[in-house]
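Everything on this sheet refers to the single structure shown next.
None of the figures in this text is laboratory data; all of them are computed from the coordinates on show. Note that the coordinates shown come from a computational prediction; the quantities given were computed from them, not determined experimentally. Neighbour counts run over all protein chains shown; Cβ positions are idealised from the backbone, glycine included.
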Amino acid sequence: MLVTFERVKKRFGEKVVYDDLSLEIRRGETVTILGGSGSGKSVLLKMLNGLIPADSGRIAFDGQDITKLTEPELVGVRRRIAYLFQGAALFDSLDVGENVAYGLREQYWRTMNEAAIRERVQRSLLAVGLPGIERMKPSDLSGGMKKRVGLARTLALEPEVMLYDEPTTGLDPVNTARINRLILGIRDRLGLTSLVVTHEMSTAFSVSDRIVMVGKGRVLLEGPPELFRTTPDPAVRAFIDGQAPAEERLEDLLQS
């Protein structure tokens with residue numbers, strides 16, 4: 001397994017986010033994380049990238065327990081595990097080209113010259129369907145274009161794992177479909193392992209090899225999209241259809 005969470009615990013004050021999180025991710029697969037608000041979906045991504053420390057348990061990436069790494073040692077992990085933030089997190093004061101180049105300048109300033117950085121920026125923007133917009137400012141971009149520029153900045157680092165935090169939130173159906181196609185295309189062309197946090201069931205069903213639902217501090221249900229698409233359980237159906245939180249009924253179901 002490329003990624004393993006073993007008996008992971010995490011809390012913020014009195015709020016228990018995870019009290020027994022165990023999950024395995026295979027190399028090259030795309031896994032979507034579902035769950036109600038406050039169930040810890042984004043926390044899971046940030047613990048894997050070392051942005052939030054686990055309280056206990058083991059989080060292994062390619063055989064290495066990242067919970068035991070120091071902050072300088074985590075730099076190497078973050079070069080291999082890239083995080084695409086929900087709002088793209090572009091710098092308004094920089095143009096698109098400088099935004100995409102930002103991570104390269106931070107991480108590879110000793111080994112990449114300006115020509116190599118420009119080539120990588122151009123290649124990354126082409127990969128997301130936005131060639132030639134280096135001189136535009138983020139304020140000139142639509143919401144969908146900002147998401148794609150954020151994705152280009154992440155791809156420029158040539159990671160092995162992509163962490164997508166709500167990649168289609170706030171987008172219209174056309175741009176949602178475009179982002180979904182990009183996620184699939186990136187997986188197919190580059191062979192990346194991907195974890196996707198989303199509330200959009202169209203995204204979950206479109207891009208996932210496997211779907212994982214979290215809640216009550218642990219994994220409640222996991223399996224291929226067809227399991228979630230065809231389940232007759234009313235609690236799961238209500239969650240998928242956006243009618244009501246499903247965690248209580250799911251836990252009852254799995255314990256029966």
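Some points to look at:
- The modelled label-to-label distance between VAL16 and LEU2, using points 7 Å beyond Cα along the C-beta direction, is 3.2 nm.
- Multiplying the residue separation of SER37 and GLU158 by 0.36 nm and subtracting their alpha-carbon distance yields 40.5 nm.
- Zone of ARG135's modelled label, taken as backbone nitrogen in the range 92-128 under 14 Å from a point 7 Å along Cα→Cβ: 95-98
- ³J(HN,Hα), Karplus 6.51/-1.76/1.60, whole Hz, each residue of the range 45-60, x for Gly, Pro: 4, 6, 5, 5, 8, x, 6, 10, x, 6, 6, 6, x, 10, 10, 9
- Candidates LEU104, ILE66, VAL17 compared by Cα position along the dipole of the chain: farthest toward the positive end lies LEU104, with charges placed on Cβ.
- Long-range HN-HN contacts of VAL196 with modeled amide H, under 5 Å: VAL31, THR32, ILE33, TYR164
- Phi angles of the range 186-192 translate, via the Karplus equation with coefficients 6.51, -1.76, 1.60 and θ = phi - 60°, into HN-Hα couplings of 5, 4, 6, 6, 9, x, 6 Hz per residue; Gly and Pro are given as x.
- Label-to-label distance, LEU74 versus ALA116, with points set 7 angstrom from Cα along the beta-carbon direction: 2.7 nm.
- Each other residue within a Cβ distance under 9 Å of VAL17 adds +1 if Lys or Arg and -1 if Asp or Glu, for a net charge of +3.
- Each Lys and Arg contributes +1 and each Asp and Glu -1, all at the Cβ; summed about the Cα centre of the chain, the dipole is approximately 540 debye.
- If R0 is 30 Å, the Cβ-Cβ spacing of LEU227 and LYS9 corresponds to a FRET efficiency of close to 0.65.
- Mean projected area of the Cα convex hull of the range 3-255, taken over all directions, amounts to 14.1 nm².
- FRET efficiency for HIS199 and ALA238, using Cβ-Cβ distance with R0 set to 22 Å, rounded to 0.05: 0.95
- FRET efficiency for the pair ARG123 and ARG210, taken as 1/(1 + (r/R0)^6) with r the Cβ-Cβ distance and R0 = 30 Å, rounds to 0.50.
- Amide N proximity, the range 120-141 versus ARG105 label position 7 Å along Cα-to-Cβ, cut-off under 14 Å: 121, 135
- Residues in the range 70-85 carry Karplus couplings, in order, of 7, 4, x, 5, 6, 4, x, 5, 5, 6, 9, 10, 9, 10, 9, 5 Hz; the curve used is 6.51 cos²θ - 1.76 cosθ + 1.60 with θ = phi - 60°, and Gly or Pro positions show x.
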